[in-house]
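Read through the structure below, which is laid out as C-alpha cells, and then see the notes.
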Amino acid sequence: MPQPSLVTQDLTVRFGGHVAVDRVSCAFTPGELTAIVGPNGAGKTTYFNLISGQIRATSGRVTLMGRDISGLSPSARTEAGLGRAFQLTNLFPRLTVLENVRLVIQARERRGFNLWTMAMGHRDLIEEAEAVLDRVRLTALRDQNVSALSHGDQRKLEVAAMIALKPRVFMFDEPTAGMSVEEAPVILDLIAGIKADPAATVLLVEHKMDVIRSLADRIIVLHNGALVADGKPAEVMASAVVQEAYLGKELTDV
Amino acid sequence: MMRILSGDSPKSPVLAVLLALILLALAFAPFLFPGSRSLETAARICIFIVLVASYDLLLGYGGIVSFAHTMFFGMGAYGVAIATARMGTGYPALAVGALAGMVAAGLVALLIALLSLRVRAIFFAMITLAIASAVAVLVSQLSAITGGEDGMNIRIPRELTPAFRLGEVMGTGINGKILNYYLVFFCCLALFLLMLRIVNSPFGRVLQAIRENAFRAEAIGYRVVLYRALATCLSAMIAALAGSLFAIWLRYVGPATTLGMEIMMDILLIVVIGGMGTMYGAVVGTAIFVLAQNYLKTLMGGMSEATSALPLIPDLLSPDRWLLWLGILFILSVYFFPTGIVGRLRGTR
C-alpha cells in the first residue's frame, strides 16, 4: 500500500451555527481516483475549498505529502503540489487560450518575479503550453480570448491548466457540469489519462453515476458535512443506507 | 527595434505613426519649437508620460486604484529640493535627493500595500486617499523643512540653467535650459522603456492575470499580495523619479505643482483617455492632454477673432470658456473611446 499523499484529519468548518464540514478524516493515495458524492449542500465543494485553502478550517488538519498545509494560503498550497479545478469555470477571460496555460506553467516554474526578460522570450514555457493545448485538442483556438470560447471548450481549458500544473493531487469539481453529451467524454478521457499516472492522486466531485462507475476506484459519501460511507464503488452503491438516504433514487436508476 | 520596445509593437499603423511623431517632436523640441513656453510644454509632456505610465502600471496592469500617486511624485520632487537646500547646489545633491525620494516612496508604498492590499481593493483606494491628504497637509504645515505653501526654490548647477551658454546650432542658441531639457528627455525615455519592459516581462503577465481574476491567479500558485505590493512599490518609485526630474526642470517645488488633487485627477483622466493597460496610452494621452491644457486657450482666442463677424460663435469660442471646451472634449473622448485612444486604434485595426 503506497503512502497517502493527502490526508484530512477531523477537518471541520462552521459558518455561524451551521457545520458545513463535520470532522472529515480521510486519506487519499497516489494511483487512486476517489469520487466524492452526496446530495446538494452535503459540503463537497466546501470540503474541496478547505483542502485547497480558499476557506480556512475551523479545526482539523490537512496534510500534503506528509507536510501540514492547514495554515498555508491557496497559492502556497498550489506550490506544495495541490491542483484545483473549479466547479464554475474560473479562467482569465480576457487573456488568450495559450496565455491561460502559459501562466500556469510560469507559476509552476516560479518565474513570475522575473522583471527584466520578455515573457515571450521564455520559449520553453510557450512550447510546453502548446504541447498541453495539443493534448486537449485546443490548438486551433490558441490565440482566441477565453471569453469567446464555448462552455465546453472553457472546461477543457480548465483541465488543460491542471495538466500543465502537474500537481501531485488533482481536484476536479464537477468537470462535466453543463456540458453536452458529445463534449463530456473528451473531458472524461483526459481525466482517465491523468489517472493513468500511478503517481497522481485524483479527487473528483461528481453527480453523474455513469462517470463515477467508469472512473472511480473508490467512493466517499458526504452527508450534512459528515463522511458517511467510504469504499469500493460497488460496495458503496450497493449499500442500502447510502442509496435511499443520501443519494436518492439516482443510483438504482442507472 | 522590437527589443527596445520589449516586443510590444504598437499593433496599429496609425498608432505607430502617432508615437513616432511624438517621439521626434519631443526629441527635437528645442529646435523645432523654439521659445521657452513650448520647451516648457515639451518637458511637461515628457515628465507626465512617465508619471502617467507609472500609474498605468498600477491601474491598467495591476488593477489597483490608488489616489496617492501624486504623493510619490511629490516625494521625489521634495527629495531633490530638500537635499539641495541641505547639501548645497551640485550634482551629488540632485542624485542623493532623487535616490532618497525614490527609496522613501518605495518604502511608504510597501507599507501601504502590506497594510491594505490583503483586504479589499476599495480599502486600498481609501487608505491611499487618506495618506495622500495627510501628507499634503503635513507638507504645507512643516514650513521649516518644506517651505510650506510657498514651496521651495531649488538652486541647480549652473550648467542646467539658461545662464549657461554654449553656442548656436541651427539658429537656436544652446544654453543650459536645453541641456536640462535633454536630461529630462533621456531620463524619461529610459524610464518609459523600462516600464515597457516590466509590463512585458513574466512579472507583467502575472499582474495582468491578477487584474483579470485574482482568485484564479492565487489558485494557480501566484502570491497575489506580493505581486501587488511589488507593483505598488515600482510604480511609486518611478513616480518619485519623475517628480525629481520635474523639480530639477522647474527649479521649484510646491504643494500645488506636485501634490495637488488636480494633478491626481489629470493623471486619472489621461490614463482613461489614452487607454488603460497599454503603456502607449500614456504617451498619446499625455501629449494630447498637455497640449490641450496649454494651447486650447490660444487656439480659441484665434478662432474667436476669426469668427468675429458671425453672431454668437465668437462668444462661444471666447478664450475664457476654454475649460468648458476641454470638459466637452473629455466627455466626448470617453464616450466614443471607452477603451481609450490606444484601445480604439488597436481594436479597429
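The values are calculated or read from the model by the stated rules, or taken from the named source; none is laboratory data. Note that the structure is a prediction, hence the values are computed from the model and not measured. So basically every Cβ, Gly included, is an ideal-geometry build from the backbone, and we count neighbours across all protein chains shown.
Things worth noting here:
- Some residue of the stretch B:311-328 being aromatic (Phe, Trp, Tyr) and within 30 Å of B:Ser133 (Cα to Cα): yes
- Criterion (closer than 30 Å to B:Ala229 by Cβ, touching a residue at least 24 places away in the same chain (Cβ under 8 Å), out of contact with any strand residue (DSSP E or B) (no Cβ under 7 Å at 6 or more places or on another chain) and surrounded by 15 or more Cβ atoms within 10 Å (Cβ to Cβ)) met by exactly one of A:Glu128, A:Glu183, A:Glu158: A:Glu128
- Meets criteria (more than 8 Å from chain A (Cβ to nearest Cβ), in contact (Cβ under 8 Å) with a residue 24 or more places away in the chain and either farther than 22 Å from A:Ser52 by Cα or surrounded by fewer than 23 Cβ atoms within 10 Å (Cβ to Cβ) (or both)) for B:Arg228: no
- Residue pairs meeting the criteria (Cβ under 6 Å; at least 6 apart or on separate chains; first touching a residue at least 24 places away in the same chain (Cβ under 8 Å) and charged (D, E, K, R), in the stretch A:71-85; second part of a strand (DSSP E or B) and surrounded by 23 or more Cβ atoms within 10 Å (Cβ to Cβ)): A:Arg84/A:Met171
- Checking each residue of the stretch A:204-211 against the condition of being in the same structural domain as A:Ala35 (by TED's automatic domain parsing), hydrophobic (A, V, I, L, M, F, W, C), modelled with pLDDT of 90 or more and buried (at least 18 other Cβ atoms within 10 Å of the Cβ) gives at least one match.
- Looking across the stretch B:201-214 at every residue that is facing another protein chain (nearest Cβ under 7 Å) and surrounded by fewer than 21 Cβ atoms within 10 Å (Cβ to Cβ), the one that is nearest to B:Met279 (Cα to Cα) is identified as B:Glu212.
- Screening the stretch B:1-114 for helices (runs of 4 or more DSSP H) wholly inside it with 2 or more residues that are basic (Lys, Arg) returns the ranges B:36-56.
- Test for B:Leu18: is it surrounded by fewer than 24 Cβ atoms within 10 Å (Cβ to Cβ) and in contact with a helix residue (DSSP H, G or I) (Cβ under 8 Å, 6 or more places away or on another chain): yes
- Filter result (surrounded by fewer than 24 Cβ atoms within 10 Å (Cβ to Cβ) and part of a helix (DSSP H, G or I)) within the stretch B:238-257: B:Trp249, B:Leu250, B:Pro255, B:Ala256, B:Thr257
- The residues listed here are B:Ile156, B:Ile267; of these, the one that is more than 14 Å from chain A (Cβ to nearest Cβ), assigned to a helix (DSSP H, G or I) and farther than 30 Å from A:Gly81 by Cβ is B:Ile267.
- Within the stretch A:56-71, the set of residues being within 14 Å of chain B (Cβ to nearest Cβ) and modelled with pLDDT under 95 comprises just one member, A:Arg56.
- Listed by first and then second residue, the pairs with beta-carbon distance under 6 Å, at least 6 apart or on different chains, first residue in the stretch A:107-120 and within 7 Å of another protein chain (Cβ to nearest Cβ), second among the aromatic types (Phe, Trp, Tyr) and in a loop (DSSP other than H, G, I, E, B), are A:Ala107/B:Tyr222; A:Gly112/B:Tyr222.
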